[in-house]
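Working notes, structure below.
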Amino acid sequence: MLEHLARVDLLDGPTPFQRLKRLEAVTGHRSLWAKRDDVAALGLGGNKLRSLEYWIGEAGRRGADILVVAGAPESNQCRLTAATAAKLGLDCLILHGGDPPAGEVGNLMLNRLLGAGIRFLGPVDEATRGRMAREAAEELAAAGRRPYLIGDPAVGALGYARAAEELVRQARSAGVDLRHVVLPGSMGPTEAGFLYGCALLDLDLTVHLVSVEYGADELATRIAVIVGAVETLAGVPAGDWRRRMRIHMDQLGPGYGRPTPESVAAVRTCAGLEGFFLEHTYTAKTFAGLLRMRGDGTIPADQPACFLHTGGVPALFGQVAADPSLVDPSLVAPP
Ligand SMILES: Cc1ncc(COP(=O)(O)O)c(C=O)c1O
């Protein structure tokens, strides 16, 4: 579909497409599935590996020898960039907003093991962090290095256009006519790429975005800007990509990265019934959204539905260390 664009294979084949039989029994749904993008051989997996396939394609085209990436200390994108750099024999510089925490767990600890260079920028907003990352890349270039700055949203989105094709191929070969896919709504590249892919393939399904970060208008605007940039980059217009998109605001709770009673219940439900893990920033809220949609009939029992697990599970360790009540069974409501 996008074969003319530079890409490096990091996933070693499709991620698992699994039936959630115990969840089907508990929720009364007849065809419930998970696309397990949290499972991969590299860096503990996650959605940003698909973006990295195209970012690294671009980095390779430009002859880069060092990857520069910016994010919060718990960023999954930083961890997967560091893992990719390690695997490919590139250097990696990570710029974290904030100050070094007292203890290093989760992604930050993994970044150390992966051998990335790590700088803390102090209390900066997202725009300043981005500017400082660009400046760091310029300094590296002035010193004779060939940096590539990870993060172009349109290039990163291409990975999820490809994922849409992979998912629908797996569903069809399992005899499943997928009608609903549920994924987190956040910065936008994953969502935009997936919607773009669904439009190119003319799929008859609803893409439910459970917002974990922004208001509905801002999320929709972000996605529209990225889809426009992807259309330009790929040279293929998506047509009416918006008609499949539904944005859900009911799981955001007190805000980005802040657990909710529903996210606590979702983590335990998934672990207890299906044996895999969610974390509270992205996937638990998304899964809680799926349970709510199932409960109120937004996703009818007879329409095959898939939860797109975007990964991020290493962050769970830091989340629970910061708030042990997240594993308190008394907080768990039945789905
Ligand atoms: C696990 C996980 N899920 C979802 C997202 C959101 O993806 P996007 O930034 O493409 O909206 C991220 C972003 O880092 C993530 O780490």
Problem set entry | Qualifying residue in the range 189-208 (condition: within 30 Å of VAL68 (Cβ to Cβ) and away from the ligand (no atom under 12 Å from the Cβ)) | yes
Q: Could you tell me whether the range 36-58 includes any residue that is in the same structural domain as ASP323 (by TED's automatic domain parsing) and in a strand (DSSP E or B)?
A: yes
Scanning the range 164-188 residue by residue, those more than 16 Å from the ligand (Cβ to nearest atom), surrounded by 19 or more Cβ atoms within 10 Å (Cβ to Cβ) and over 15 Å from SER31 (Cβ atoms) turn out to be GLU166
Residue hits (the range 80-89; buried (at least 19 other Cβ atoms within 10 Å of the Cβ) and more than 16 Å from the ligand (Cβ to nearest atom)) are ALA85
Item to complete: Answer yes or no: is there a residue in the range 83-94 that is without any contact (Cβ under 8 Å) to a residue 24 or more places away in the chain, outside any helix (DSSP H, G or I) and not assigned by TED's automatic domain parsing to the domain that holds PRO314.
Response: yes
* Would the range 199-207 turn up any residue that is within 18 Å of the chain's Cα centre (by Cα) and under 17 Å from ILE247 (Cβ atoms)? -> yes
task = Tell me, please, whether a residue that is closer than 25 Å to TYR196 by Cβ, outside any strand (DSSP E or B) and modelled with pLDDT under 95 can be found in the range 8-28.
result = yes
Residue match in the range 70-79 (condition: basic (Lys, Arg), outside the structural domain of ALA284 (by TED's automatic domain parsing), outside any loop (DSSP other than H, G, I, E, B) and surrounded by 24 or more Cβ atoms within 10 Å (Cβ to Cβ))
yes
Within the range 100-110, is there a residue that is surrounded by fewer than 18 Cβ atoms within 10 Å (Cβ to Cβ), free of Cβ contacts under 8 Å to residues at least 12 places away in the same chain, in a helix (DSSP H, G or I) and out of contact with any Gly (no Cβ under 6 Å at 6 or more places or on another chain)? yes
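Which of the residues belonging to the range 285-319 are in a helix (DSSP H, G or I) and within 16 Å of the ligand (Cβ to nearest atom)?
LYS285, THR286, PHE287, ALA288, GLY289, LEU290, ALA315, LEU316, PHE317, GLY318, GLN319
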>> Within the range 118-128, does at least one residue satisfy the condition of being in contact with a strand residue (DSSP E or B) (Cβ under 8 Å, 6 or more places away or on another chain) and under 24 Å from PRO14 (Cα atoms)?
In response: no
Reported set for the range 246-269 where residues are closer than 13 Å to MET293 by Cα and assigned to a loop (DSSP other than H, G, I, E, B) is MET249, ASP250, GLN251
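The values are calculated or read from the model by the stated rules, or taken from the named source; none is laboratory data. Keep in mind that what you see is a predicted model, and the values were worked out from it rather than measured. Note: ideal-geometry Cβ built from the backbone for every residue, glycine included; neighbour counts use all protein chains shown.
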